[in-house]
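Taking it in order: structure first as structure tokens, then the write-up.
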Amino acid sequence: MITGIVVALPEELSTLTSKKIDKGCCVFITDTIILAHSGAGADNARAASELLVAQGAIRLISWGCAAALSTSLKSGDLVLPDTLIDAEGTQIATHPVWHSYTKNLLSSTLKAHTGGLVESKTIVASGKDKKHLHTQTGAVALDMESIAIAKVALQNNLPFLAVRAMADPVNMDLPKAINHSLNDEGDIVLSKLLLFIALHPAELPGLIKLGLHFNAAKNTLKLVAKQLDHLTALPSQDQ
């Protein structure tokens, strides 16, 4: 039984494997686990999910970081969403048995928060906008890829699970350098980032703080990754 995992960013990918996977490609890291490096955004996530299904994946995981929408969450906290919400308000539930199995599996080492994970079409930079999304949707976190992966799983009648660690907390405004450094694919271009910092040195402390939050999220994902073989070993009769 093959489990497909979609990961948007190279930094998130590094929590699962040391192998280099080009964007838009996938690689088996064990006989039963295949990773796809999607790149950011729903379109890339959908294409990566379809690629994994074509490679024989019979269940899908969305893996990576997310932004917190609830004040009860801090950077590094783990969220196992029970519901995915798209930008139009459509909801898809994660697989209930797999979700419960994973939460119990991780309970000895990590507290897994639950709740809704809402889709964002673009990066939500301000704390004010994050709080508004929480009020509007009731979701506890947001990302740009999970709902697209969930929709592919639903279309193919496959179990779906999201594993997301919190990076920026709800009260944090993202540094302006982030949006200024993105290309059309949603990836940060290092040369643009360095130029923006050179022209706006006051941005540096905010970037350092964001980096610390992101590292906390990555450390949590690494802890979950230690249980990956067990996490993907849900018996087929429970699917």
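In this structure region 1-130 gives 41 Å² per residue of accessible area when probed at 1.4 Å with all protein chains present.
Beyond 27 Å, how much of the Cα-Cα pair distribution for region 1-134 remains, as a whole percent? Pairs farther apart than 27 Å: 21 percent. Here the accessible area is traced with a 1.4 Å probe on the protein chains. For the chain, carbon and sulfur cover 55 percent of it. Between L13, L80, L194, find the one with the highest GNM mean-square fluctuation for the chain; connect C-alpha pairs within less than 10 Å. Evaluated over the chain, the most mobile residue of the options is L194. Positive-end ranking of G56, M172, T17 along the dipole of the chain, with charges on Cβ about the Cα centre, is headed by M172.
For the options E203, E88, E12, a Gaussian network treatment of the chain with springs between C-alpha atoms closer than 10 Å singles out E88 as fluctuating the most.
In region 23-121, what percentage of the DSSP-assigned beta bridges are antiparallel, given to the nearest 5? Before the final figure, lay out the partial values.
On the way: 7 of 12 bridges.
If I count the DSSP bridges inside region 23-121, around 60 percent turn out antiparallel.
In the set (1) 17.4; (2) 13.8; (3) 12.0, the label that goes with mean projected area of the Cα convex hull in nm² computed for this structure is (3).
Each DSSP beta bridge with both residues in the chain is either parallel or antiparallel, and the antiparallel ones are about 30%. With respect to the chain, whose longest principal axis is taken over its alpha-carbon atoms, helix 127-137 is tilted by about 40°.
For the chain, the 222 nm mean residue ellipticity estimated from helices alone, with every DSSP H stretch of n ≥ 4 adding -39500 (n - 2.57) and the total spread over all residues, rounds to -11000 deg cm²/dmol.
In order along region 95-106, phi translates into HN-Hα couplings of 5, x, 6, 5, 4, 5, 4, 5, 4, 5, 4, 8 Hz, rounded to whole numbers, per the Karplus curve 6.51 cos²θ - 1.76 cosθ + 1.60 with θ = phi - 60° and x for Gly and Pro. Its Cα centre serving as origin, the chain has a Cβ charge dipole (Lys and Arg +1, Asp and Glu -1) of approximately 540 debye. Result for the chain in a Gaussian network model with C-alpha springs under 10 Å: among L117, L16, L204, the largest mean-square fluctuation is at L204.
Once you've got the Cα coordinates, tell me which of K111/K192; K130/K192; K176/K226; K192/K218; K103/K176; K20/K111 are over 32 Å apart. Before the final figure, lay out the partial values.
On the way: K111/K192 37 Å; K130/K192 26 Å; K176/K226 35 Å; K192/K218 24 Å; K103/K176 36 Å; K20/K111 30 Å.
Beyond 32 Å: K111/K192; K176/K226; K103/K176.
Once divided by 2.2 N^0.38 Å, the Cα radius of gyration of region 108-236 becomes 1.22. Annotation: amide H of A93 within the under-5 Å range of L84, sequence separation 5 or more or interchain, hydrogens built in the peptide plane.
Relative to the dominant Cα principal axis of the chain, helix 204-225 is inclined by about 10°. Our compactness index for region 62-126, the C-alpha radius of gyration over the empirical 2.2 N^0.38 Å, is 1.17. Close amide H pairs (under 5 Å, H built 1.01 Å from N) link G24 with H37, S38, G39, residues at least 5 positions away or on another chain.
The values are calculated or read from the model by the stated rules, or taken from the named source; none is laboratory data. Predicted, not measured: the structure shown is a model, and the values here were computed from it. As a convention, Cβ positions derive from the backbone with ideal geometry for all residues, glycine included, and neighbour counts pool all protein chains shown. Quick note on the areas: whole protein, heavy atoms, side chains included, nothing else; ligands and nucleic acids left out. Shrake-Rupley method; radii C 1.70, N 1.55, O 1.52, S 1.80 Å.
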